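Notes follow once the structure below has been shown.
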Ligand code: CP
Ligand code: NVA
């Protein structure tokens, strides 16, 4: 069973194969702006369940459109409307869904829910974000980097802000794709040590640098994300904003990166908080390419999961 649960749970060879497939899928649609169908209708007759226990724009739309373009059908389910929200176990839900659908994508809170679903499902399960990781996003991000700048291997990636779930998947990717990472943010919002140690164990340099200017020096890629994630308590808002303000990605900070550095944000963004509009809409930014590439990367992930 090929689940896509995390970047560090998928081999570098498979990750490379998925990205090559994503590039091929994207190229095959080039110039085909209108009309939904891909030439390759590999998901014809397939049903994909998309389960959301948290809000989503990109993940929801890109998976739904991706499945349909490949000839499949989707059902979008919210956790609270399912029995999942009313006491049925994850294991039973997994066994039941496996009798109906060919693939399950889930966005949830606790990572344990994703792993239990994968353990008991007889169909592949894809992680559409948990409190701890967001692998589909980072596949799109690596695809985007390589599309603009060539191989990411050996490059310097700087994460500025909250060491959250998206940062964790970047650290997974650092180990698998072989790039160096610098985290800059306040000590209370460091990424979990296990993510840092796992990447270091794979031979890449991971540095924690409290000074954002020193961190960004000569960066090839600067990345940030919202200061408050969906699973974070809003009561911490003011404290987090005060702690994170020095790590805002603005034009002043970007000046310290390489002149051709890229800027990424998974979106949704809070403009003028974690990043300024001048950066988001400026020459370094590839934020909308990242969003587009969710579609292509996830099609490749689904095909890999299903062996199609
Ligand atoms: N980047 C991302 O996953 O966006 P959504 O929350 O809109 O799906
Ligand atoms: N870190 C954010 C990412 C949203 C796509 C969150 O978990 O809310």
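Computed from the coordinates by the stated procedures, all read-outs in this text should not be read as laboratory data. Computed from a prediction, not measured in an experiment: that's the story for all the values here. Virtual Cβ from ideal backbone geometry, glycine too; neighbours counted across all protein chains shown.
Averaging the Cα positions of each part gives two centres, and for region 1-66 and region 180-206 these lie 28 Å apart.
Show that you can apply the helix-only estimate: for the chain, add -39,500 (n - 2.57) for every DSSP H stretch of four or more residues, divide by all residues, and state [θ] at 222 nm to the nearest 500.
Values: 12 runs with 127 residues, N = 308.
That comes out to -12500 deg cm²/dmol.
With neighbours defined as other Cβ atoms within 10 Å of a residue's Cβ, the residues 255, 156, 54 order from fewest to most as 255, 54, 156. Between the Cα long axis of helix 58-69 and the first principal axis of the chain there is an angle of about 40°, rounded to the nearest 10. Footprinting exposure proxy ranking of 247, 120, fewest other C-beta atoms within 10 angstrom first, gives 120, 247. Between 260, 162, 141, the Gaussian network model of the chain with springs among Cα atoms under 10 angstrom shows the greatest mean-square fluctuation at 260.
This ranking places 130, 188 by how few other beta-carbon atoms lie within 10 Å of each, fewest first, which gives 188, 130.
Helix 287-306 and the longest principal axis of the C-alpha atoms of the chain enclose an angle of approximately 40°. Once the Cα atoms are used to define both axes, helix 12-29 deviates from the longest principal axis of the chain by about 80 degrees. Taking a ≥ b ≥ c as the square roots of the eigenvalues of the Cα gyration tensor of region 184-308, is the shape rounded (a/c under 1.5), prolate (a/b larger than b/c) or oblate? Rounded is the answer for region 184-308, as its axis ratio a/c remains below 1.5.
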